[in-house]
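Taking it in order: structure first as structure tokens, then the write-up.
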Amino acid sequence: MIRLNLTATPEWLDLAPGLRLLVGPLTTALMVSARADSAIEELPEGATQEALALAMAKAVARRAVLDWEGVGDAMGTIVPVTPEAIDALLEIWPIFEAFQTLYVAKGLILDVEKNVFAPSPTGPSAMATGIAPPARAPAPTAPQD
């Protein structure tokens, strides 16, 4: 069953201790807009999957992040939310991973559930491979009273 969230209100997303982002809902419109981002279109032919993932995450974040807490410059001055600052934030590996896991992946769970958990066409264990070695001898039955 799909559970619809009809409120579509922004939510705080805790990415690291002391760092949180206020993000809007991950909607179809946001994803379509992110896919059409100029940074993605300008990627060279044959760009790596990693380069595409980073460009897409930045495009999504520039559209989704509405506010944040815990982001400052080298002097500790609070940095306002800007496209450039969002891109710089996602250049930090643990922040990128947290954003991908807690925000982007949450929106893709339907595809995972649909593709991973579907039963095999000929039964749930038809595609399974045995990993235990065969038994050497049959086990004796339990004594009966």
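Filter the range 35-58 for residues that are in a helix (DSSP H, G or I) and either touching a strand residue (DSSP E or B) at 6+ places or on another chain (Cβ under 7 Å) or acidic (Asp, Glu) (or both) and give the result.
Answer for the range 35-58, where residues must be in a helix (DSSP H, G or I) and either touching a strand residue (DSSP E or B) at 6+ places or on another chain (Cβ under 7 Å) or acidic (Asp, Glu) (or both): Glu41, Glu50.
All but one of (1) at pLDDT 70 or above; (2) outside any helix (DSSP H, G or I); (3) not basic (Lys, Arg) hold for Pro124, so report the exception by its number.
(1)
Tell me the residue from Ala39, Ala64, Ala53, Ala85 that is in contact with a Phe, Trp or Tyr (Cβ under 8 Å, 6 or more places away or on another chain), surrounded by 13 or more Cβ atoms within 10 Å (Cβ to Cβ) and in contact (Cβ under 8 Å) with a residue 12 or more places away in the chain, please. It would help to see each step written out before you state the result.
On the way: Ala39 fails: in contact with a Phe, Trp or Tyr (Cβ under 8 Å, 6 or more places away or on another chain); Ala53 fails: in contact with a Phe, Trp or Tyr (Cβ under 8 Å, 6 or more places away or on another chain); Ala85 fails: in contact with a Phe, Trp or Tyr (Cβ under 8 Å, 6 or more places away or on another chain).
On inspection, the qualifying residue turns out to be Ala64.
Restricting to the range 24-34, name every residue that is over 14 Å from the mean Cα position of the chain (by Cα) and either within 19 Å of Glu97 (Cα to Cα) or surrounded by 14 or more Cβ atoms within 10 Å (Cβ to Cβ) (or both).
Passing the criteria: Gly24, Leu30, Ser33, Ala34.
From the list Leu89, Leu19, which one is under 19 Å from the mean Cα position of the chain (by Cα), farther than 17 Å from Val104 by Cα and at pLDDT 95 or above? Give the steps one after another, and end with the answer.
On the way: Leu89 fails: farther than 17 Å from Val104 by Cα.
Result: Leu19 is the single residue among Leu89, Leu19 that is under 19 Å from the mean Cα position of the chain (by Cα), farther than 17 Å from Val104 by Cα and at pLDDT 95 or above.
The values are calculated or read from the model by the stated rules, or taken from the named source; none is laboratory data. Keep in mind that this is a model prediction, so the values were computed, not measured. Note: ideal-geometry Cβ built from the backbone for every residue, glycine included; neighbour counts use all protein chains shown.
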